[in-house]
Amino acid sequence: MERLTKTYSDGTHGASDSLPCGENSYDYKNLLIEKLGKYEDLEEQDRLVILSCKYVYYIVDINNPKYAMVMKRPIRELAIYEIEDIDKENCKYFSTKEKAEAKLKELRGGE
């Protein structure tokens, strides 16, 4: 989908500079309503996934803590069930590097 808005440095939004119509036109308002409607439909159908972070952290070679290390991976590469388990007990993925490093320290016996 083509982006209809732009984000300013202060976090507010305005009309995109590359609109196919003027920002005050009915065509633009209809485009906004149509796009918002699609997102709302996906949300109502439980098909809209809001990701909690851009990257997740995991422990490589978790069964061998002496040689294990923390790595990062794009969250988009994970399956839904893996995303749902982030930061849970006995999970594989962590939302921050600090949490993954704390788990690794725990596995190493608090070193």
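The values are calculated or read from the model by the stated rules, or taken from the named source; none is laboratory data. On a predicted model such as this, the values are computed, not experimentally measured, just so you know. Please note: Cβ atoms are built from the backbone with ideal geometry, for glycine as well, and neighbour counts cover all protein chains shown. All accessible areas refer to the heavy atoms of the entire protein, side chains included, with ligands and DNA or RNA removed. Shrake-Rupley method; radii C 1.70, N 1.55, O 1.52, S 1.80 Å.
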Fill in the blank from the handout: Counting only residues that are exposed (fewer than 14 other Cβ atoms within 10 Å of the Cβ) and either among the small types (G, A, S) or closer than 21 Å to L48 by Cα (or both), the stretch 86-103 contains a total of 1
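Which count do you get for residues in the stretch 14-49 that are of a type in the set (A, V, I, L, M) and in contact (Cβ under 8 Å) with a residue 24 or more places away in the chain? Reasoning before the result, please.
Step one: filter the stretch 14-49 for residues of a type in the set (A, V, I, L, M), giving 15, 19, 31-33, 36, 42, 48-49.
Remaining after also requiring in contact (Cβ under 8 Å) with a residue 24 or more places away in the chain: 31-32, 49.
Selection size over the stretch 14-49: 3.
Based on this model, can you work out whether Y58 counts as under 30 Å from G110 (Cβ atoms), at pLDDT 85 or above and under 17 Å from the mean Cα position of the chain (by Cα)? Break it down into steps so the answer makes sense when it comes.
On the way: under 30 Å from G110 (Cβ atoms): yes; at pLDDT 85 or above: yes; under 17 Å from the mean Cα position of the chain (by Cα): yes.
It is true that Y58 is under 30 Å from G110 (Cβ atoms), at pLDDT 85 or above and under 17 Å from the mean Cα position of the chain (by Cα).
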Fill in the blank from the handout: Filtering the stretch 55-66 for residues that are open to solvent by 50 Å² or more (accessible area, probe 1.4 Å) and either aromatic (F, W, Y) or outside any loop (DSSP other than H, G, I, E, B) (or both) leaves a count of 3
Problem - Extreme residue, nearest to the chain's Cα centre (by Cα), among residues of the stretch 28-54 that are among the hydrophobic types (A, V, I, L, M, F, W, C) and open to solvent by 90 Å² or more (accessible area, probe 1.4 Å) - result: I50
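What's the total number of residues in the stretch 1-11 that are over 21 Å from K38 (Cα atoms) and either of a type in the set (D, E, K, R) or surrounded by 13 or more Cβ atoms within 10 Å (Cβ to Cβ) (or both)?
Applying the first criterion (over 21 Å from K38 (Cα atoms)) to the stretch 1-11 yields 8-11.
Next, from what is left, pick out any that are either of a type in the set (D, E, K, R) or surrounded by 13 or more Cβ atoms within 10 Å (Cβ to Cβ) (or both): 10.
The total comes to 1.
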Exercise for the section: Can you confirm whether the stretch 74-82 contains a residue that is in a loop (DSSP other than H, G, I, E, B) and of a type in the set (A, V, I, L, M, F, W, C)? Expected result: yes
Problem - Conditions (1) touching an Asp or Glu at 6+ places or on another chain (Cβ under 9 Å); (2) open to solvent by 70 Å² or more (accessible area, probe 1.4 Å); (3) closer than 15 Å to S52 by Cβ; number of the one not met by M69 - result: (3)
Practice task
Look at the stretch 12-26 and say how many of its residues are open to solvent by 100 Å² or more (accessible area, probe 1.4 Å) and not in a loop (DSSP other than H, G, I, E, B).
Solution key: 2
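Can G110 be described as in contact with a Phe, Trp or Tyr (Cβ under 7 Å, 6 or more places away or on another chain), modelled with pLDDT under 90 and either open to solvent by less than 90 Å² (accessible area, probe 1.4 Å) or charged (D, E, K, R) (or both)?
Working: in contact with a Phe, Trp or Tyr (Cβ under 7 Å, 6 or more places away or on another chain): no; modelled with pLDDT under 90: yes; either open to solvent by less than 90 Å² (accessible area, probe 1.4 Å) or charged (D, E, K, R) (or both): yes.
Criteria not met by G110.
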